[in-house]
Structure formats: C-alpha cells, structure tokens
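Engineer: Have a look at the structure that comes next, please.
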Amino acid sequence: MRTILIFFGLIFLIISCNPARQEDREIIDTVDKNLADTESSVVYDLSGAIWEYDYNQQTEEFEVKQLRLVDRDTLTGETIESIINKSWPRVQIKFNGTSNDTAFISIPDSEVLTQQMGTSGAKSFMISTTFSFTELNGIKYVAFDFEEGDHGVPGVYDRNSWDDNKNQ
C-alpha cells in the first residue's frame, strides 16, 4: 500500500511540475524578448559622433566627453542633423533652423526616445545632441520639439541643463 502511495505521489509531482516549467519558459522567453527590444532601442554609433555622455568606470560617474574636434566655421545644422541621425539610428531628428542663439530641432517619431530607451539612454541622447548643436557658431541653446513621454521632455536645453555636467 505504501509503495502505491509513493508511486501515485511521484506521478502527481511530475505532472504538477511540468506545466510550471512551461510557464517558467514562457516567462523567460518574454523577459528575453523585452531585453532584446530594449537593447536594440539604444543603438549608438560612435564612429561619427562629436559628443558622448557615458559612464566612466574609473570615476564611477557619468560624464560628457568630446569624441572629436570640429571646425566651427564650416559646421552647419544640416551636418549635425546628419551626424546625430547616423549616431542614433533609432531616433531621427529634423533640424528646423536657428534664431539668435537657439537651434530648433524636432523629432517626428519620438517613441523610441521617450518610451523605449530608458532614462539613461534618453538622457545620453539629449545631452550628446545638445552638446553637438551648441558647437555651431553663436548657438547656446537647443529647442527640442517632440511628444513628451516617460523618459524625455521637450523644451529648451543648454550645456548646463543637467546637474552632473555643470563644468562643461
């Protein structure tokens, strides 16, 4: 009798554990897919970029770093638009012109920036784009026009808009 109870107990245990494994596998697959979506949202090509905002492992802080020098006399808003769009292929901007000391840009499809890149990715984009456009002669501010989301807010920014890079 005891052997029969152990046998049925083992069968019950095997049957009850098997669906849980399937559910666990489905959860893992969902997490893997979401992680892949997030990783592909933060594609960043440094090859042509002017500025970068990234984590410095030596100082254990985020910092703004100039990647290359540019000739301000020949630099145009259209050139910077092209550089940004190549550097951030999932977030395409449109340079709309300048007025006085402000460059105006728009992001027609801002969902990747505001909903998919996370706070750090969006901040990195905003800072590197602001620093790049303020390389233009006479430009101190960048006016961003896009639909606000969880990780990005439109507005006018300058190089001192973020607390952690006041020294720039």
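So that you can scan it fast, the table gives a plain yes or no per residue for (1) of a type in the set (S, T, N, Q); (2) at pLDDT below 95:
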position: Gln58; (1), (2): yes, yes
position: Asp73; (1), (2): no, yes
position: Thr76; (1), (2): yes, no
position: Ile80; (1), (2): no, no
position: Lys94; (1), (2): no, no
position: Gly97; (1), (2): no, no
position: Thr102; (1), (2): yes, no
position: Phe133; (1), (2): no, no
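Engineer: How many residues are within 19 Å of Val43 (Cβ to Cβ) and among the hydrophobic types (A, V, I, L, M, F, W, C) if we restrict to region 132-162?
Structural biologist: Qualifying residue count, region 132-162: 1.
The values are calculated or read from the model by the stated rules, or taken from the named source; none is laboratory data. Worth saying up front: this structure is predicted, and the values here are computed from it rather than measured. Here Cβ is always computed from backbone atoms with ideal geometry, including for glycine, and neighbour counts include all displayed protein chains.
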